[in-house]
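As structure tokens, the structure follows; a few thoughts come after it.
The values are calculated or read from the model by the stated rules, or taken from the named source; none is laboratory data. Predicted model only: the values in this text are computed from it and were never measured. All Cβ positions, even for glycine, are placed from backbone atoms using ideal geometry, and neighbour counts span all protein chains on display.
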Amino acid sequence: MTWSIRWKVAFGTLVAVACGLLIAGVMTVQSLEQRHLTQFGDALETKTKLVEYGFQPLFHSSAPPTPSSLQETARDLGNRASSRVTLVAEDGTVLADSAVRDADLSAVENHKFRPEIQQAFSTGQGQDIRPSHTTGERTMYRAILMQPSQGASPLVVRVGLPMVVLDRERSDLQQRLFLALGFAFLVALTLSVWLAHSITKPLSDIASAARRFSSGNQAFHVRTTAQDEVGLLASTLNHMADQLHAKIDELSEDRAQLLAVLTSMVEGVMVLDRRGHVLQMNPALERMFGISRVEARGRSCAELFRHQQLNDLVTVMLRSRTHHQDEIVLPLNGRCLQVEASPAGGERENEASVVLVFHDMTELRRLEKIRKDFVANVSHELRTPLTSIKGYVEALLDGAKDDPAASVKFLEIILKQSDRLNLIIEDLLELSKIESGSVSFKEEPLELRSILDRTLSTIKPIAEKNRHRLITAVDPSLPPVAGDEGRLVQVLTNLLDNAVKYTPTGGTITVGAKLIPSVGSDEPAPCAIELSVADTGIGIPEADRPRVFERFYRVDKARSRELGGTGLGLAIVKHIVEGHGGQVWVEANHPQGSRFVVRLPLSTTTHKLHHMNDASRT
Ligand code: ADP
């Protein structure tokens, strides 16, 4: 059984008080008894001396005292002193006794061996307390030696005083004292319980508040008015709890901020301990490697990723504890990641020792490659006509200028190559303008039918020259589309120009435009307009189709150049279409040739316009 502190204090105080009271009581009783006894003894001594004095005349008269005179004097003195008076001869014979009748005197027992008698004969006086043989009462005896006359043998005068009164007084005193002590004990009991309560109440308040606090209750506050050490303890604990709260709040805030930063980071972050085991990783890294944080936590980096280059980096990092950087390629998806490893300082298990930050460089590397390819392509494309021009100019200077026919031919070639150079530069400038965003597309409602007619009228002469058949299949209910007329004409011209260029004589070119209904809605409202240019020409191999929209990409370079192509037309088309929020792609045309499709979204305004048109038509 465990006692509460309250009962410990109460019981302890009570035991201490009880012991104190008991000792005090016993000592008081003893000292009072001793005092009474001394007073009693003193009174008895005085009486004994007076009795001895009372006997003296009997022994100083001329005739020796008779037994009856002795007995009479003893009785008289005994009455006066209210005590028992005994006269004892040297051999112990009782010569007179106030408590014995004359007739019985001879039968009284010899008193020689009574302790007080023995003491008196040997030292002159003696004292003893014992129950009387004669009366049976507890009696104090006092004896003194008496010299009756010169040469006579000494006698002992003994006075016995019963201690009944003294004993009664003593028991009275004891009774009163124990009553007082009992009362004092009761007061002490009440006081100790009250004291224990008042001392331990704040302590038990603190204990229960601490228990609530440890079980997760955030509100720790001990209410106390005590000004003593317990009050100080309570206010210190309150202060500590407040500080703890503030610290916990601060840490939680920091943690939340850190988590928010880690979660919102595009870069993958991973924290390892000194053994290379994963402690933490952010969602970006989970996505990069396709693993979850839960399965990764606590596992070694080597076992988790099984990527030799990454393992080597981690191993070197853990050994050297210095900043390292490397670039790795993920075998699964071919993504290129730049890894930066920095030491975090943790030396123990489960302490952050290394922080790895993964930057996804795939897009950057792709763009870098495109840029490099572009520079190489531009240089090449510009150099080809320039080399040709230079060659013919040199030939003219070397003497061909003197041959009129050759001069004309050479100059025509120079003009053609200059035009080509001009074309390339114009297309490049156009592309760069669109890419840089300096060209803003208008958003005016356009009738596609008129755009198509305008474009077809410019392309018709060339198509006719190549004996191509031009077919238009345009949906008559086409709604107006929001866009830039000039740019959309440019798109269609490029596509039709290509169709004419890459279709052998006598081919068929079909231009179509239709509405595409939105998928999934109950009412099939149109969501886009699809323009298509299909030809029966040489077609584009499947592998080249996604790449024909790249700058300078040509399926057949020689043929393209021969036909006066720059390799930039489709790149321009793509940029314009995407600038209108649309898409462009190429697919195979059956049975032969290519089919370029431009899908333009219908904006809300044009959508409404379409509905209004529909309504007016019906
Ligand atoms: P180019 O100036 O060379 O025509 P483009 O960017 O317009 O450049 O076209 C890129 C390449 O796509 C062309 O070189 C050609 O190989 C291919 N191409 C474009 N249109 C067609 C088509 N209608 N039929 C076959 N190939 C085409």
Any residue in the range 586-596 that is under 30 Å from residue 440 (Cβ atoms) and near the ligand (Cβ under 9 Å from one of its atoms)?
yes
Tell me the residue from 452, 428 that is in contact (Cβ under 8 Å) with a residue 60 or more places away in the chain, more than 16 Å from the ligand (Cβ to nearest atom) and assigned to a helix (DSSP H, G or I), please.
452
Here is a list: 379, 342. Which entry is surrounded by fewer than 16 Cβ atoms within 10 Å (Cβ to Cβ), at pLDDT below 95 and under 23 Å from residue 550 (Cβ atoms)?
379
With respect to the numbered conditions (1) assigned by TED's automatic domain parsing to the domain that holds residue 77; (2) in a helix (DSSP H, G or I), which one is the sole condition not fulfilled by residue 159?
(2)
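Name the strands (runs of 3 or more DSSP E) wholly within the range 309-400 that hold at least 3 residues that are free of Cβ contacts under 8 Å to residues at least 60 places away in the same chain and outside the structural domain of residue 422 (by TED's automatic domain parsing)?
Result: 324-329, 336-343.
Conditions tested, residue by residue: (1) of a type in the set (Val, Ile, Thr); (2) modelled with pLDDT under 90; (3) surrounded by fewer than 14 Cβ atoms within 10 Å (Cβ to Cβ).
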site	(1), (2), (3)
542	no, no, yes
565	no, yes, no
570	no, no, no
575	no, no, no
578	no, no, yes
586	yes, no, no
In this structure, does residue 186 turn out to be outside the structural domain of residue 120 (by TED's automatic domain parsing), under 23 Å from residue 6 (Cα atoms) and without any contact (Cβ under 8 Å) to a residue 24 or more places away in the chain?
yes
Taking the range 537-585 and keeping only residues that are of a type in the set (S, T, N, Q) and within 9 Å of the ligand (Cβ to nearest atom), one is left with 560, 566
Out of contact with any helix residue (DSSP H, G or I) (no Cβ under 6 Å at 6 or more places or on another chain) and surrounded by fewer than 16 Cβ atoms within 10 Å (Cβ to Cβ), is that true of residue 332?
yes
Inside the range 532-564, can you point out the residues that are acidic (Asp, Glu) and within 14 Å of residue 574 (Cβ to Cβ)?
550
Of everything in the range 460-486, what is surrounded by fewer than 21 Cβ atoms within 10 Å (Cβ to Cβ) and within 16 Å of the ligand (Cβ to nearest atom)? Give them in sequence order.
462, 463, 466, 469, 470, 471
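Check 302, 296, 284 and return the single one that is assigned by TED's automatic domain parsing to the domain that holds residue 322, touching an Asp or Glu at 6+ places or on another chain (Cβ under 7 Å), of a type outside the set (Asp, Glu) and surrounded by 14 or more Cβ atoms within 10 Å (Cβ to Cβ). Please lay out each step first, then the result.
Values: 302 fails: touching an Asp or Glu at 6+ places or on another chain (Cβ under 7 Å); 296 fails: touching an Asp or Glu at 6+ places or on another chain (Cβ under 7 Å).
Residue meeting the stated conditions: 284.
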Please determine whether any residue of the range 201-220 is farther than 30 Å from residue 14 by Cβ and modelled with pLDDT of 85 or more.
no
